[in-house]
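> Sharing a structure here in C-alpha cells format.
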Amino acid sequence: MMSLEFITSAMPPNEYGEEEEEEGLSEDSEREQEVWSEDINATQDGKEATKNCEDRVEEPKKGMTFDTSEDAYLFYCRYAKEKGFSVCRRTSKKGSDGKLKYLTLSCNRAGNARVKTSNPVKPRPQSRINCPAHIRVINRDGKFNLNRVILDHNHEQSPGKARIKMHKSYDLLQIEAGGRDKLPYLNKDCRNYLDKQRRLRLMEGDAEAMHRYFMKMKADNSDFFFAMDLDDKGRLRNVFWADARSRAACKEFGDVVTFDTTYLVNKHDMPFAPFVGVNHHGQSTLLGCGLISKEDTESFSWFFK
C-alpha cells in the first residue's frame, strides 16, 4: 500500500543584565516548544486550556500579571490564535533555586533559519525570518509580570488558520468601524474576495495556454497525463500532471511518496506540489506535479483520488 508523507538568534541581554540563552543549549533552559495556536485545546490540570475561540482576547500590555508562567503562555497562545500566528517558547532561565526567573514567548518565525539539509536540489523552506514579535514575563515574588511587549510582525499573518468564521470577522470589523454604515463593503463583498483568493491566481488566457500545452504533450506521448480541477463556475482551481517517465517511475518506486506543498511558491502565489519518491539508488525521483489554489481538504482529496 502506498503511504503518503505530508511535508506541511540569540536575544539581547535583558534589563537585568542577564544574558538570555537559546532554548535547548542550556541545562537550566526549558525546551523550546513551537505550537500552532489553533491546536491549543489541551487541558492543564484538568481545566480547559482555551476560551471560546469566538471570544476576543485582550491585547498583551506591559504590566499584566499572571499567577504562573503557564497562564502567561496560554494567554499568548489565545491571542496568537485570534491573530493567526504560531507561538514558540523562545528563551527561559531558572535561578539557583530551580525556579523560573523569566520566560520569552515569540512568534514561531523569530530567530535565524538553521540550514539542516545537505541536499541542494531540494532545499527546505525556511520559516524563521527574524520576526520581532514577542512578549516576556519575569518572576516577581511568585507572580509573573509582563514587562516587554512587541506586537509587530515582519510578515503577513494567517487569521484564517484561527478558524474564526467569516461572518464573525465581519461583525468584529463592524464594531471596530463604529457600525455597518461605516464599512465601505458588504458581507457579500468579503465572501466574493475570499472566493477569488481560493482560485488559481492566473492572468487572462493562462489557463487556456496551459491546457493547449498539455494537449500538445499528450499528442506527442500518449502516456502523458494531466487533470484540471474546475469549480462550479468553470474556473480553474487545481492542476496535476505527470509525464511518461514519471508515471513509469511511480510504478517502480511508488511505495513511499512525499507530497510537499511548501517546496516552491511561484509568482502567482500558487504552491507547487511535487510528488517525489526514492529510486533504487536512494535518489529523489519526480513522480508527478501539481498546482494548488488552496491547501484544504477538498483540494488534497482531489489530488489523491
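> Any chance you could count how many residues in region 61-78 are of a type outside the set (Val, Ile, Thr), more than 26 Å from the chain's Cα centre (by Cα) and farther than 12 Å from VAL149 by Cα? Spell out the reasoning first.
Our first condition is that a residue be of a type outside the set (Val, Ile, Thr); within region 61-78, this holds for 61-64, 66-67, 69-78.
Pick out the ones that are also more than 26 Å from the chain's Cα centre (by Cα) and you get 62-64, 66-67.
Checking the rest, the ones that are also farther than 12 Å from VAL149 by Cα come to 66-67.
Final tally of qualifying residues: 2.
> Moving to a separate point now. Limited to region 271-302, what total is found for residues that are out of contact with any strand residue (DSSP E or B) (no Cβ under 7 Å at 6 or more places or on another chain) and at pLDDT below 80? It would help to see each step written out before you state the result.
Kept after step one, since they are out of contact with any strand residue (DSSP E or B) (no Cβ under 7 Å at 6 or more places or on another chain), are these residues of region 271-302: 280-283, 294, 296-298, 300-301.
Within this subset, residues satisfying the condition of being at pLDDT below 80 are 294, 296.
Number of matching residues: 2.
> If you go through region 281-299 one residue at a time, how many are of a type in the set (A, V, I, L, M) and farther than 12 Å from MET228 by Cα?
2
> Which one is modelled with the lowest pLDDT among residues in region 238-270 that are surrounded by fewer than 16 Cβ atoms within 10 Å (Cβ to Cβ) and in a strand (DSSP E or B)?
If we take residues in region 238-270 being surrounded by fewer than 16 Cβ atoms within 10 Å (Cβ to Cβ) and in a strand (DSSP E or B), then LEU264 is modelled with the lowest pLDDT.
The values are calculated or read from the model by the stated rules, or taken from the named source; none is laboratory data. Remember, predicted model here, so these are calculated numbers, not experimental data. Here Cβ is always computed from backbone atoms with ideal geometry, including for glycine, and neighbour counts include all displayed protein chains.
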